[in-house]
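Below: the structure, in structure tokens.
What follows draws every value from the coordinates through simple rules; no lab data is involved. What you see is a predicted model, and the numbers here were worked out from it, not measured in a lab. Backbone-built Cβ (ideal geometry, glycine too); neighbour counts: all protein chains shown.
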């Protein structure tokens, strides 16, 4: 009986845990400071190790901005991202250049979002997680915590 109850509890809890992606406890300050200075410091599990490697290698032109960091910080950030990257089978490739919004996981999770929301000036971009996921900075991406009001015409 206890085994059945435990199985049921796990079955209920796992979907909620799947939408939790907090930064790992070993997140270096350089990652939070450098990557988080312009946008949300995205959890490493959102891209594969290969995609993060290409992203860090292309910081000179990071989506139209020079985001280069000094050598030691870049190496620390790169190592951190590689160690904590997402599973390629679950996340999917991020395209060229790598974009979280191009991964299979992101597309699957957002397939029901109407195009009008991506054009809303309050959202600006699909990469602006915090516009809808109020707990994104804490690694909470649950669809039950989305906060965006219906658009008015």
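Would you mind getting me the FRET efficiency between residue 54 and residue 120? Use the beta-carbon distance for r and R0 = 22 Å, nearest 0.05. Provide the component values of the computation, followed by the final result.
On the way: r = 30 Å, r/R0 = 1.36.
After rounding, the FRET efficiency stands at 0.15.
Could you give the length gained on full extension between residue 61 and residue 25, defined as 0.36 nm per residue of separation minus the Cα-Cα distance, in nm?
Details: separation 36, 0.36 × 36 = 12.96 nm, distance 2.91 nm.
Length difference between fully extended and current span is 10.1 nm.
For the range 56-115, take every pair of Cα atoms, bin their distances at 5 Å starting from 0, and report each bin as a whole percent.
For the range 56-115, the binned pair fractions read 4, 16, 19, 21, 19, 13, 6, 2, 0 percent.
Any number yet on Rg/Rh for the range 2-145, C-alpha, Kirkwood? Please list the in-between numbers first.
Working: Rg = 16.4 Å, Rh = 16.4 Å.
Ratio of gyration radius to Kirkwood radius for the range 2-145: 1.00.
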